1. Please build a GNM for the chain, connecting alpha carbons under 10 Å apart, and tell me which residue among LYS206, LYS148, LYS47 fluctuates the most.
2. Taking the alpha carbon gyration tensor of the stretch 3-253, what are the square roots of 5 times its eigenvalues, largest first, to the nearest whole Å?
3. For HIS238, HIS29, HIS185, HIS190, what ranking results if the residue with the fewest other Cβ atoms within 10 Å of its Cβ goes first?
4. Net charge around TYR67, counting only other residues with Cβ within less than 13 Å of its Cβ (Lys, Arg = +1; Asp, Glu = -1)?
5. Provide, as a two-decimal number, the C-alpha radius of gyration of the stretch 52-196 over 2.2 N^0.38 Å, N being how many residues it has.
6. Tabulate in residue order the Karplus-calculated ³J(HN,Hα) for the stretch 100-110, using 6.51 cos²θ - 1.76 cosθ + 1.60 with θ = phi - 60°, rounded to whole Hz; enter x for Gly and Pro.
7. Once the piece of chain linking ALA244 and ASP199 is laid out straight, how much longer is it, given 0.36 nm per residue of separation minus the C-alpha distance between them?
8. Under 11 Å from the Cβ of ARG141, count the other residues' Cβ atoms, weight Lys and Arg +1, Asp and Glu -1, and hand me the total.
Amino acid sequence: MCELFGFSGNTYKEMNDYLDVFYSHSVRHPHGWGLAILDGKVSRVEKESKQAIRSLYLAERLSEPIYARTCLAHIRYATVGEMKYNNCNPYRWVDRYGRTWTMVHNGTIFNYDALNKYKKVQDGETDSERVLLFIVDAINRKEIELGKELNQQERFELLDTLVCDLSQGNKLNLMIYDGDNFYVHTNEAHTLNQLETPDGRYFSTKPLSEEDWYPVPLTQLLAYQDGELIYQGTNHHHEYVYNADQFKSIGGDFIDFANL
């Protein structure tokens, strides 16, 4: 599948050492890369539909210090969707109150009918993009129902409900930043790790150094602010276990890049 990297910090930290190692993993994830430097309501997202280690643009970016308090990064191994810009993470979407939601996703949604309608409005073809559109749409509907903007805890509680439902039978490793909360979720064992430091918390599919990385708790949505855990969601127990037959069920949407 894909690999994810994220940082939620209490100060600006240089990301280059971790990003250099992370993007080197594109040897096995050659179908695109993305980087989001996020600070409150200001965000910068850069991505390309090419292998990270072959990107002259990314090499130039990494040759200079990259500082962030909040960061998301992604390298893609495609299962759904062609190798093009609109199919690369991170994805962004703006809710009805102007809040920007930025997401990276590692996994596959095998069966969740509520996502199908977003095929008509998304820019690319990936299930990852549909997941974000679904989440922001749910936020918008709830805010219309209540007649007000949701606060931090209300957004977390709604997202917790959505993630619990989405996780049933699907692989859902994701990180989302909404300008306040940094959300993290995994439901496959040994596929997301974290590192605590005095300056914040790093997350990565695979450890990126010899430091004391350890697994992110399974099957539970977590929310961080400035690197500190502020909310813990329901333990839904929907652990995903790899099953090759599920990928066959995707049919014509499945793209096998193994010979690239």
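A short reminder: the numbers here are calculations on the coordinates, not readings from a lab. Since we're looking at a predicted model, the values are computed, not measured. Here Cβ is always computed from backbone atoms with ideal geometry, including for glycine, and neighbour counts include all displayed protein chains.
1. Comparing LYS206, LYS148, LYS47 in a Gaussian network model of the chain, the most mobile one is LYS148.
2. On the way: eigenvalues 121, 99, 69 Å².
Its equivalent ellipsoid spans semi-axes of 25, 22, 19 Å.
3. Details: HIS238 17, HIS29 23, HIS185 28, HIS190 10.
Lowest to highest Cβ neighbour count: HIS190, HIS238, HIS29, HIS185.
4. On the way: positive: LYS13, ARG44, ARG61, ARG69; negative: GLU14, ASP17, ASP39, GLU64, ASP199.
Counting the neighbours of TYR67, the net charge comes to -1.
5. Values: Rg = 16.0 Å, N = 145, 2.2 N^0.38 = 14.6 Å.
The stretch 52-196 yields a ratio of 1.09.
6. 8, 9, 10, 9, 10, 9, 10, x, 9, 9, 7
7. Values: separation 45, 0.36 × 45 = 16.20 nm, distance 4.01 nm.
Taking ALA244 through ASP199 to full extension adds about 12.2 nm, to one decimal.
8. Values: positive: ARG96, LYS142; negative: ASP95, ASP137, GLU143, GLU145.
Local net charge: -2.
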